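The structure appears below as structure tokens.
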Amino acid sequence: MPRAFPTPKWIAATVTAALVLVAALYGFHRLEQFLIQDPRFALNEPGAASESLEVSGASHVPPQAVEAVFSEDFGRSVYLLPLSDRRASLRTVAWIKDASVARFWPNRVVVGVTERKPVAFVTLGAGRPALIDEDGVILPPAQDRFTLPVLLGVQVSDSLSTRREHVQRLMRLMKELGDASRAVSEVDVSDPDNLKVSEPFDGRIVTLLLGDRDFAVRHQNFVNYYADIRKKLPNAAVLDLRLEDRITVVQ
């Protein structure tokens, strides 16, 4: 049986393809080394005459906290910067909810920050104040003057999911109260079946037991009848509004 041998054309084509592949690999290697070693692609240190790390959207995040995420990258080529890893690290920084990291040649890195929005104050151990967002994430104090209620029933030792549930109860309450929520100074969510609201009213602080539903209706009942209650019981300060046909003075 006759044996088939490669034709000269096939051999030439194979050799040519191999040479092209080798040349391409060599060219890619030379290009990669150029991108890694040329100082024009290095990320400048903070405080340099021409800073190349740009951050937007960070109102409460200290610049040093963002810079610390890129501490290994300063002085190195932006080509080596692991974008997804740096984004993941940024999302662990206090106040940062999400972040984007983009590389622009020759040596710019642009960071876009989406900050968390606090919805209430909380009190930590030893009476230390802090803030909490809608996801139950505890945030350090800020210089801003937030007008927010104090949320009771939340512990720093609680799991994130538990804190989130407590915050969601608060937000549902405040949403149902509408404009009346502006007067609320304190909300106790430690009992999920009986939310307690404290607010100043007629020159005193009153505490309202609102249960777990119909918050707006029950609060309006308080507004409608509190003047009559105060005439009869001037010192009434804790009112139970959970029954549909009456208001009970607890204290």
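The values are calculated or read from the model by the stated rules, or taken from the named source; none is laboratory data. Bear in mind that the values here come from a model prediction, so they are computed numbers and not experimental data. All Cβ positions, glycine included, derive from the backbone under ideal geometry; neighbour counts span all protein chains shown. Quick note on the areas: whole protein, heavy atoms, side chains included, nothing else; ligands and nucleic acids left out. Shrake-Rupley method; radii C 1.70, N 1.55, O 1.52, S 1.80 Å.
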Residues with amide H under 5 Å of residue 152's amide H, sequence separation 5 or more or different chain, H placed in the peptide plane at 1.01 Å from N; which?
187, 188, 189
State the antiparallel share, in %, of DSSP beta bridges confined to the stretch 123-207, rounding to the nearest 5.
75 percent
Reach of residue 97 by Cα under 26 Å, taken over lysines that are not fewer than 8 positions away in the same chain:
117, 175
Calculate the FRET efficiency for residue 92 and residue 185 from the Cβ-Cβ distance with a Förster distance of 45 Å, rounded to the nearest 0.05.
0.90
When only DSSP loop residues count, what trypsin sites (Lys or Arg not before Pro) in the stretch 114-171 have their Cβ near at most 13 other Cβ atoms within 10 Å?
145
Over all directions, how big on average is the projection of the convex hull of the alpha-carbon atoms in the chain, in square nanometres?
26.7 nm²
State the percentage of accessible surface on the chain attributable to carbon and sulfur atoms; use a 1.4 Å probe and exclude ligands, DNA and RNA.
56 percent
Helix-only estimate, please: 222 nm mean residue ellipticity of the chain, summing -39500 (n - 2.57) across DSSP H runs of length 4 or more and dividing by its residues, to the nearest 500.
-10500 deg cm²/dmol
Per DSSP, loop GluC sites (Glu not before Pro) in the stretch 71-149 with at most 16 further Cβ within 10 Å
72, 134
Accessible area expressed per residue, the chain, with surrounding protein chains retained (probe 1.4 Å, Å²)
61 Å²
Gain on full stretching of the segment that runs from residue 159 to residue 236 - 0.36 nm per residue minus C-alpha separation
24.1 nm
Listed residues 126, 68, 216; largest mean-square fluctuation, Gaussian network over the chain with Cα springs below 10 Å, found at 126
Surrounding net charge for residue 209, when Lys and Arg each add one and Asp and Glu each subtract one, Cβ distance under 15 Å:
-3
Separation between the residue 103 and residue 126 pseudo-spin-labels, each 7 Å from Cα along Cα→Cβ, expressed in nm?
4.4 nm
At q = 0.19, 0.20 Å⁻¹, what is the base-10 log of I(q)/I(0) for the stretch 28-175 according to the Debye formula with one equal point scatterer per Cα and no solvent? Please give it to two decimals.
-1.06, -1.13
Once phi is turned into θ = phi - 60°, what whole-Hz ³J(HN,Hα) does the Karplus curve with 6.51, -1.76 and 1.60 give for every residue of the stretch 150-155, x standing for Gly and Pro?
8, 9, 9, x, 10, 10
Subtracting the Cα-Cα distance from 0.36 nm times the residue separation, let me have the gained length for residue 76 to residue 223 in nm, one decimal.
46.5 nm
What order do 202, 73 take when sorted by accessible area (1.4 Å probe), most exposed first?
202, 73
Rg/Rg_globular for the stretch 111-251, with Rg_globular taken as 2.2 N^0.38 Å and Rg from C-alpha atoms:
1.12
At residue 251 and residue 216, where each label point lies 7 Å from the Cα along Cα→Cβ, what is the point-to-point distance in nanometres?
3.0 nm
